[in-house]
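The values are calculated or read from the model by the stated rules, or taken from the named source; none is laboratory data. No experiment lies behind these values; they were computed from the predicted model shown. When we count neighbours, we look across all protein chains shown, and the Cβ atoms used for this are built from the backbone with ideal geometry, even at glycine.
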Amino acid sequence: MRARVGPGRLELTEAHRFPNTPLRRPDGLRWDVEALHRGVLDGLRAVAGAGGADSVGIDTWAVDYGLLDADGALLDQPFHYRDPRTEGVAERVRAAVGPAEHYAVTGLQHLPFNTVYQLAADGNRLAAARTLLLMPDLLVHRLTGTIGAEATNASTTGLYDARTGTWSAELLGRVGIAPALLPPLRSPGDPAGTLLPHVAGATGLPAGTPVTAVASHDTASAVAAVPAGGPDFAYVSCGTWSLAGLELDAPVLTEASRAANFTNELGIDGTTRYLRNIMGLWLLSETQRTWRDQGLPHEIGPLLTAAERARPFAAVIDPDAPEFLAPGDMPARIAAYCVRTGQRPPEDQGSLVRTILEALALAHARTLREAAALAGREIRTVHLVGGGSRNALLCRLTADATGLPVVAGPAEATALGNVLVQARAHGLVPDRAAMRRLVAATQPLRHYTPGGDRAAWDAAARRIGLD
C-alpha cells in the first residue's frame with residue numbers, strides 16, 4: 001500500500017498485492033519467506049514507479065518467527081501457527097510456569113500457538129539458532145540488515161513482561177530459552193534502518209530510504225487507525241480473526257481476567273489492547289474454499305444475499321470451538337458440531353453463512369460485555385474495522401447482538417495505522433488523537449443502529465453458553 005499524508009489528507013492506494021500461500025511440507029505447515037520477500041520487493045518496485053516513498057513500514061500477523069544462525073541466515077522456513085506441532089506442549093510449559101503466574105507477568109490470553117509454546121515445541125532446533133525474529137522483524141531484516149523486536153508484536157509472545165515493558169528474564173529462564181535469542185525491543189516510530197544497497201537497486205528506491213518501526217502486529221496498527229473521538233469505545237478488528245476489546249491505559253492482570261481468557265497486548269503510546277481473540281472470518285473463508293474445491297457456488301455476494309434471507313438462529317455455534325482452528329472442510333465440521341450439540345445442521349449455503357455470521361456477532365457481544373465489566377469501562381460505540389467492515393450483514397448483526405451502535409470502517413485500518421505511525425515519526429501528524437481525527441475526516445464510514453429481537457439474541461446466546 002502507498003499512502004499520502006498531509007493536513008486534511010490521508011490517501012491510500014494499492015500499489016501491489018500478492019498471495020501468501022503456506023508451504024505444506026512433510027515436516028509441517030510453513031510460511032514461504034522467500035515468496036513474501038519477493039512480494040515485498042515487487043511492492044516497493046511499484047511504489048518507486050509511482051513516485052517513491054519517504055518511509056517504509058512493515059506489519060504482519062503475530063506469534064510466528066524465523067530463526068537465524070550466527071551468520072544471520074534463516075535456518076528454515078518458519079512454522080505456521082496452524083501447524084499442529086504445539087498440541088500438548090502448553091501443558092509442559094505450564095508445568096514450569098503455572099498459568100496464573102504466567103498471566104500475572106504477561107497478561108496474555110492462552111492460545112495453543114503462542115510463541116512460547118512454539119519455542120517449547122522446537123526443542124533441538126533452537127540449539128543452532130542465534131537470533132529469533134518475529135515475522136515483521138524478519139522481513140525488515142531482509143530490507144535493512146538490522147535486528148530488533150518491535151514491541152507491540154513482542155507483547156504477543158508470552159515472553160514479554162506487561163508490567164515493565166521488557167523481555168521477562170525470569171520467564172525465559174523458567175522455560176529454558178536463552179535471553180540472547182531475543183533481540184532488543186523497538187517502539188512504534190523508532191528508526192529500523194535504511195534500505196540495503198542491493199534492495200535499493202532491486203526496487204528503484206533510493207539507497208538510504210528509511211524503514212520505520214510501526215505497530216508491527218497488524219491488530220495494533222488497526223487499532224491505531226480506529227476513528228474514535230473519545231475513550232468510551234470498543235473495537236472489533238475483523239478479518240481472519242476477530243480481535244474484540246478495549247484500549248486501556250494499563251493492563252488488567254487480575255485472576256478474573258485470566259479466567260475469562262483476555263489478553264493484554266501493547267498498543268501505540270504504551271496503551272494496552274485489552275482483547276480476546278475470536279476465530280473470525282476464517283470460518284467463512286474456509287467454507288468458501290471448500291465449496292470452491294467441490295465445484296459449488298462460493299462467491300461472497302450471492303452467499304450474503306442468501307444469508308440475509310435465511311431463518312435466524314437455525315443453528316448456533318461457538319466460533320472458537322477447537323475443531324474449527326485447522327484448515328479443512330469447514331461445512332462438514334460445522335455440521336458435525338451441530339450434531340454433537342443436539343442441533344440440526346444448516347440445510348443450505350445461505351443458512352450456513354448466516355450461522356457463521358451470527359456466531360461471530362454473538363462472540364463479539366459477549367467479549368465486549370465481559371471486557372467492559374473486567375476493565376470497569378463503559379462502552380458507547382463499537383468500531384468495526386478491517387475487512388469484516390465491508391460485510392454489511394455482519395456489521396448489522398454485531399449492532400443487534402451488542403445493542404450498541406456500530407461504526408464500520410475503515411476496511412484498510414491496518415494499512416492506515418501503519419502509515420500514520422510512520423507519518424507521526426516524520427512529523428506529519430502530532431499525536432494519536434490527530435491520527436484518529438484524520439481517519440474519521442477522510443475515510444468512508446458506515447453507521448449501524450441496533451435493532452432486531454433482543455429476546456431471540458439472548459436465547460441464542462444461552463443455547464451454547466455465549467450469554
Checked A461, A411, A433 against criteria (among the aliphatic types (A, V, I, L, M), assigned to a helix (DSSP H, G or I) and modelled with pLDDT of 95 or more); the one match is A433
Those residues of region 346-363 which are in contact (Cβ under 8 Å) with a residue 60 or more places away in the chain and either of a type in the set (D, E, K, R) or in contact with a Pro (Cβ under 7 Å, 6 or more places away or on another chain) (or both), in sequence order = L352, E358, A359, L360, A363
Any chance P179 is in the same structural domain as G427 (by the TED database), surrounded by fewer than 20 Cβ atoms within 10 Å (Cβ to Cβ) and touching a residue at least 12 places away in the same chain (Cβ under 8 Å) | no
Test set (1) surrounded by fewer than 20 Cβ atoms within 10 Å (Cβ to Cβ); (2) among the hydrophobic types (A, V, I, L, M, F, W, C); (3) within 23 Å of M435 (Cβ to Cβ) - A207 fails condition number = (3)
Return the only residue of A244, A250, A234, A256 being over 19 Å from the mean Cα position of the chain (by Cα), modelled with pLDDT of 95 or more, in the same structural domain as R437 (by the TED database) and not in a helix (DSSP H, G or I).
-> A250
Determine whether region 130-142 contains at least one residue that is modelled with pLDDT under 95 and not in a loop (DSSP other than H, G, I, E, B).
-> no
If you go through region 359-405, how many residues are within 15 Å of Y448 (Cβ to Cβ), part of a helix (DSSP H, G or I) and either at pLDDT below 95 or of a type in the set (D, E, K, R) (or both)?
-> 3
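Residues checked against (1) surrounded by 15 or more Cβ atoms within 10 Å (Cβ to Cβ); (2) of a type in the set (K, R); (3) under 29 Å from A224 (Cα atoms):
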position: A104; (1), (2), (3): yes, no, yes
position: L111; (1), (2), (3): yes, no, yes
position: V116; (1), (2), (3): yes, no, yes
position: N124; (1), (2), (3): no, no, no
position: A129; (1), (2), (3): yes, no, no
position: L143; (1), (2), (3): yes, no, yes
position: G148; (1), (2), (3): yes, no, yes
position: T157; (1), (2), (3): yes, no, yes
position: P188; (1), (2), (3): yes, no, yes
Which members of region 201-228 meet the condition of being over 22 Å from L185 (Cα atoms), modelled with pLDDT of 95 or more and either assigned by the TED database to the domain that holds C395 or not in a helix (DSSP H, G or I) (or both)?
-> G204, L205, P206, A225, V226, P227, A228
